[in-house]
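Novice: Before I ask anything, let me first share the structure, which is written out below as structure tokens.
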Amino acid sequence: MTIPGSDDRYRSRDEDTAQVLLESTREHPAVSAAVIECAEVGKTYRNGTLEVEALQGVSFTIGTGEYVAIMGPSGSGKSTLMHILGCLDVPTSGTYRLAGEDVSAMSEEELAHVRNRRIGFVFQQFNLLATLSAWRNVELPLVYAGVDRATRRDRALAALDRVGLADRVEHRPGELSGGQQQRVAVARALVTDPALILADEPTGNLDSVSAGDVLALMDELHRSGRTIVLITHEPDVAAAAERTIRIKDGQLLGAEMAGSERGRP
Amino acid sequence: MNILETFRTGLEAVVTHRLRSSLTVLGIMIGITAVILTVGLGEGAQQQVSSDISALGSNLLTISPGSTTSSSGIRGGFGSASTLTAGDATALASKTVAPDIGAVAPTTSESETLVAGTTNWTTTVVGTNPSWLTVRGRSMTEGRFIAGHDLTTRADVVVLGSTTAEELFGVRDSIGQPVTVNGVTMTVIGVLNTVGSSGSSGSSTTADQDDQAIVPITTASTQLFGGTSRNTVGDILVQASSSSTLSAANQEATAELDSLHQITTPTDADFTITPETSLLSTATSVDKTLTVLLGGIAGISLLVGGIGVMNIMLVSVTERIREIGLRKALGATPRVIRRQFLVEASVLGLIGGVLGAGLGVLGARILPHFISDPITISLVATVGAIVVAIGIGVVFGVYPAGRAARLAPIDALRSE
């Protein structure tokens, strides 16, 4: 697998990050280069008269270039947290800053733009459009970003090359294995050069070999400087990350550092 | 995302769901075809009626016996079936009495059986004078028309319409041949030009102008048609000297007949004068009503097609909840999603409209060979129909598109 790490796109991203770093240092002198800043984030769902507190007082920070796993059993509120981190939903209390931008009170329209520019999603169900070829799937976020066709194709092909699928660009999802489909999804998450890659149970639907492939790919992306947040309920998967944030009953259980123990290069 | 991209995405969705799209398109297509054909049929009928009526002769007034009462219905004159006489016709023909009247042709007609050798043919036998040819705007293909001396001598001569001549004599030359009518043997002296069979349809107001036999009115009243008074005539056809003097001619004829028939109040009149134009407007208004009625039915089928679009778009939204959720997660704003589905609906409308218009135009070319009715397709109607089809797609696409746009991305992504 080749890594065009010295690509222009990635350099420009570094400059972007530097900009974010400057901003956040100015506003939060204590925290440096934070991609995710959650302060007392809470989410309450109302179902008629019944109130369900899915999250209460969740505060944590994830810095640029970190590889963090968010772990918890089902019903722990990790899906809700993932939706908030992914700007698919807004918290009912507290603030959430993504790459220095407060997204807690944004309109649906603004959230769509933030998702488009800042976040790359990898879903458990891959969520590829069955009727489009691999590269057409990868270019989708760029379509909504208003990038012209030629550039979109170039960038989509580069992203597919990066995940090792340069020879599968014209294949439709149905013609690819599960592991390959998830790699297409990873390429789609990469293509906009987001500040954050948010992977929700990315290995949940894969056999162990493909799962290993996808985790290796994540690792590689991390090493090339990406910020990755991985949501999972499997300890094996969480072990791939540097740090694990545990969540239970809508509250954090505390974070542990894993990177040094795992003897990473 | 610019409009071209949106259009491409919409088009792709239509192409992807081929069967469903084509069924939806079919609904719109049938509606548009029906509208185009019914409107075309109505317009064609109107045009045919106008040309039929103008074929009757130009600047024509028809004076018929009896009067129309204000409430409709015809009142007959007393004592006799006809209140018009040859004297009336002679008076109207006078230039001093009615300077604006060009020609006057009294007519009397009956259905009679003509016999030529062993062939029988029943047709309308019209007794009239030489002016009939001008008044009716006809000409001769063969031989001559009845002349003044035929009237004075009550000559046993007959002029045949082209259809009548063909029925009686086939391809043989009919001039000089004997024809027996009511036991009177008459000689064929001429054949009228063909005005084109106005056919059975669209022309209920006119008889077949190519199937008739013309005889001198004096011969008709004294030798052929028994019973009725020899002096009365059926209709009197009056031709104004020009189209601008038609109403003047009408007034002169009314005044003259009023004085001849000693009529003081118009409601007592025992005759009716019908200008060609009123015949035309009556006929076209009947056809218009029919067109509106048929167009309405066609419009309903178009509405059903539109509901089909809405239905299929709602199914499409439900079926593609995950796709919508994904697109939203990747940065599609509600507006972009709404536009995508609207474009999809209007593309369905557009395809249905274009195909429907094509089928309509094709039908307008083919159908007249089977139903003998002319169909007139105007460019305006065709383009209008396509625009309406797109409009239907948009109108019936608004609700489903709105639903798609309102979907929350998480709910959409979660759905299995």
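Coordinate-derived values only; no laboratory data. This is a predicted model, so every value here is computed, not measured. FYI the Cβ positions are ideal-geometry reconstructions off the backbone, even for glycines, and counts take in every protein chain you see.
Novice: Spelling out what I want: for every residue of region A:178-195, take phi, set θ = phi - 60°, compute 6.51 cos²θ - 1.76 cosθ + 1.60 (Karplus), and round to whole Hz; glycine and proline get x.
Specialist: Per-residue couplings from phi come out as x, x, 5, 4, 5, 5, 4, 4, 5, 4, 5, 5, 7, 4, 8, 6, x, 6 Hz.
Novice: Let me ask something else about it. With a sphere of radius 10 Å drawn around the Cβ of B:Pro334, what net charge do the other residues whose Cβ falls strictly inside it have (Lys, Arg +1; Asp, Glu -1)? Please report the intermediate quantities before stating the final value.
Specialist: Numbers: positive: B:Lys328, B:Arg335, B:Arg338, B:Arg339, B:Arg406; negative: A:Glu108, A:Glu109.
So the environment of B:Pro334 carries a net charge of +3.
Novice: Sequence gap at least 6, Cα distance under 8 Å: using those rules, report the relative contact order of chain B to the nearest whole percent. It would help to have the intermediate numbers written out before the result.
Specialist: Numbers: 770 pairs, mean separation 121.7, N = 416.
In percent, rounded to a whole number, it is 29.
Novice: Where in chain B are the DSSP H helices whose alpha-carbon span along the long axis reaches 24 Å or more and whose Kyte-Doolittle mean is at least 1.0?
Specialist: Details: long enough: B:18-55 (52 Å, 0.82); B:276-319 (63 Å, 1.19); B:334-366 (47 Å, 1.07); B:379-406 (40 Å, 1.63).
Those that clear 24 Å and a mean of 1.0 are B:276-319, B:334-366, B:379-406.
Novice: Provide the per-residue ³J(HN,Hα) series for region A:104-110, in order, calculated from phi with Karplus coefficients 6.51, -1.76, 1.60 and θ = phi - 60°, each as a whole number of Hz, with x at glycine and proline positions.
Specialist: Couplings: 4, 10, 7, 6, 4, 4, 5 Hz.
Novice: Compare the Cα positions of B:Gly356, B:Ile377, B:Ile297 along the charge dipole of region B:248-384 (+1 at Cβ of Lys, Arg; -1 at Cβ of Asp, Glu; about the Cα centre) and return the one farthest towards the positive end.
Specialist: Positive-end residue among those listed: B:Gly356.
Novice: How would you order B:304-313, A:231-240, B:90-99 from highest to lowest mean count of nearby Cβ atoms within 10 Å? Write down the numbers at each step before the final one.
Specialist: Details: B:304-313: 20.7, A:231-240: 18.4, B:90-99: 15.0.
With the highest mean Cβ count within 10 Å placed first, the list reads B:304-313, A:231-240, B:90-99.
Novice: Would you mind checking which residues have amide H under 5 Å from B:Leu330's amide H? H placed 1.01 Å from N; only 5 or more apart, or other chain.
Specialist: The list, which skips near neighbours in sequence, is empty: none.
Novice: When the Cα centres of region B:302-338 and region A:108-156 are compared, how far apart do they sit, in Å?
Specialist: About 19 Å separates the Cα centre of region B:302-338 from the one of region A:108-156.
Novice: I would also like to ask the following. Given only helices, namely DSSP H runs of n ≥ 4 each adding -39500 (n - 2.57), what is the per-residue ellipticity at 222 nm of chain B, to the nearest 500 deg cm²/dmol? Don't skip to the end; give the middle numbers.
Specialist: Details: 13 runs with 217 residues, N = 416.
So the calculated ellipticity at 222 nm is -17500 deg cm²/dmol.
Novice: Per residue of B:319-326, what is the mean number of Cβ atoms on other protein chains within 10 angstrom of that residue's Cβ?
Specialist: Details: counts 0, 1, 0, 4, 4, 0, 3, 10.
Per-residue shielding by partner chains comes out at 3.
Novice: Return a single number: how many Lys pairs in the protein assembly as shown, at a sequence separation of 8 or more or on separate chains, have alpha-carbon atoms below 23 angstrom apart. Mind showing how you got there, number by number?
Specialist: Working: A:Lys43/A:Lys78; A:Lys43/A:Lys248; A:Lys43/B:Lys328; A:Lys78/A:Lys248; A:Lys78/B:Lys328.
Step by step, the pairs that qualify in the protein assembly as shown add up to 5.
Novice: With charges only on Cβ, +1 for K and R and -1 for D and E, what is the dipole size of chain B about its Cα centre, in debye, rounded to 20?
Specialist: Details: 23 positive and 31 negative charges, 545 e Å.
That gives a dipole near 2620 debye.
Novice: Please order A:Lys43, B:Lys328, A:Lys78 by the number of other Cβ within 10 Å, starting at the fewest.
Specialist: On the way: A:Lys43 22, B:Lys328 28, A:Lys78 25.
With the sparsest Cβ surroundings first, the list reads A:Lys43, A:Lys78, B:Lys328.
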